[in-house]
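Report on the structure given below.
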Amino acid sequence: MDTRLLISPREACYRLGGISQRHLWNLTRRGLIPCVRLGRRVFYRPADLEAFLESVARQQAEAAEHEGQGHGDAR
């Protein structure tokens, strides 16, 4: 079990399924994934990455459910 409080952007990208660092930075800049700055260095909390993934999964499940309800009624 990893007990580190902070991880590097590179490790965060790996944990998010191998996304690019540019994509991670865009998500951070848009406020979707918070970061911790210590001096000039940027770190991420593993709990924040997990919360982001749970949020994305929940949104996708809701969208799929919404799509399923709308079809078949109007013909």
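Only the coordinates and a few stated rules stand behind these numbers; no lab work does. Note that the structure is a prediction, hence the values are computed from the model and not measured. Here the Cβ is made from the backbone with ideal geometry for all residues, glycine too, and neighbour counts use every protein chain on show.
In region 1-58, which trypsin sites (Lys or Arg not before Pro) fall in coil by DSSP and have 10 or fewer other Cβ atoms within 10 Å?
Sparse-neighbourhood loop trypsin sites (Lys or Arg not before Pro): Arg4, Arg30, Arg40.
Just from its helices, what would the mean residue ellipticity at 222 nm be for the chain, if runs of 4 or more DSSP H residues each count -39500 (n - 2.57) and the sum is divided by every residue, rounded to the nearest 500 deg cm²/dmol? Could you put the intermediate results ahead of the total?
On the way: 3 runs with 41 residues, N = 75.
Estimated from H runs of four or more residues: -17500 deg cm²/dmol.
Kirkwood hydrodynamic radius of region 9-70 from all distinct Cα pairs, in Å? Walk me through the numbers before you get to the answer.
Values: mean 1/r = 0.0784 Å⁻¹.
For region 9-70, the Kirkwood estimate is 12.8 Å.
As I understand it, the value is the acute angle between the Cα axis of helix 46-70 and the longest principal axis of the Cα atoms of the chain; what does it come to in degrees, rounded to 10?
That works out to roughly 10 degrees.
Using R₀ = 25 Å, calculate the FRET efficiency as 1/(1 + (r/R₀)^6) where r is the Cβ-Cβ separation of Ser8 and Arg30; round to 0.05.
Efficiency, rounded to the nearest 0.05: 0.80.
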